[in-house]
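What follows is a set of notes on a single structure, which appears directly below.
The values are calculated or read from the model by the stated rules, or taken from the named source; none is laboratory data. Please read these numbers as outputs of a predicted model, since none were measured by experiment. All Cβ positions, even for glycine, are placed from backbone atoms using ideal geometry, and neighbour counts span all protein chains on display. Keep in mind that these areas ignore ligands, DNA and RNA; they rest on the heavy atoms of the full protein, side chains included. Shrake-Rupley method; radii C 1.70, N 1.55, O 1.52, S 1.80 Å.
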Amino acid sequence: KDSEIESFHKMMDGKIEAAEFKIKEKIEGLTDIPLFELKRKKNFLLACIVRKNDIIIPNGADMLLEGDRAIVLTAGKKLNNVKDILA
């Protein structure tokens, strides 16, 4: 499995979900690509990247790397894998 949920929270009466994913290996179309180039679905927000002991509030030039943790927010969509954000 290339990513797995480390933690999961529902907010605003279940309308918003926040999931923390551990990126366990390189994922084609997701890792090592600047975020502005990602083809992602609507209503998903990559809110934070945790790399080693650093917390990154991402901008378009940042990338997800193998070993990172990604905090993803979604409105009304189910998240099982970090790849679920891809279009």
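Can you tell me which residues in the stretch 10-24 are open to solvent by 90 Å² or more (accessible area, probe 1.4 Å) and over 15 Å from residue 77 (Cα atoms)? First the steps, then the outcome.
Of all residues in the stretch 10-24, those open to solvent by 90 Å² or more (accessible area, probe 1.4 Å) come to 10, 12-13, 15, 24.
Selection gives 24 alone.
Can you report the number of residues in the stretch 71-87 which are open to solvent by 30 Å² or more (accessible area, probe 1.4 Å), touching an Asp or Glu at 6+ places or on another chain (Cβ under 9 Å) and part of a loop (DSSP other than H, G, I, E, B)?
Restricting attention to the stretch 71-87, the residues satisfying the condition of being open to solvent by 30 Å² or more (accessible area, probe 1.4 Å) are 71, 73, 75-78, 80, 83-84, 86-87.
Now restrict to residues that are touching an Asp or Glu at 6+ places or on another chain (Cβ under 9 Å): 71, 73, 75-78, 83.
Add one more test, that the residue is part of a loop (DSSP other than H, G, I, E, B), and what stays is 76-78.
Summing the residues that are open to solvent by 30 Å² or more (accessible area, probe 1.4 Å), touching an Asp or Glu at 6+ places or on another chain (Cβ under 9 Å) and part of a loop (DSSP other than H, G, I, E, B) in the stretch 71-87 gives 3.
Report the residue count in the stretch 26-40 for those that are open to solvent by less than 90 Å² (accessible area, probe 1.4 Å) and charged (D, E, K, R). Explain how you work it out, then say what you get.
Restricting attention to the stretch 26-40, the residues satisfying the condition of being open to solvent by less than 90 Å² (accessible area, probe 1.4 Å) are 27, 29-35, 38.
Checking the rest, the ones that are also charged (D, E, K, R) come to 32.
Within the stretch 26-40, residues that are open to solvent by less than 90 Å² (accessible area, probe 1.4 Å) and charged (D, E, K, R) number 1.
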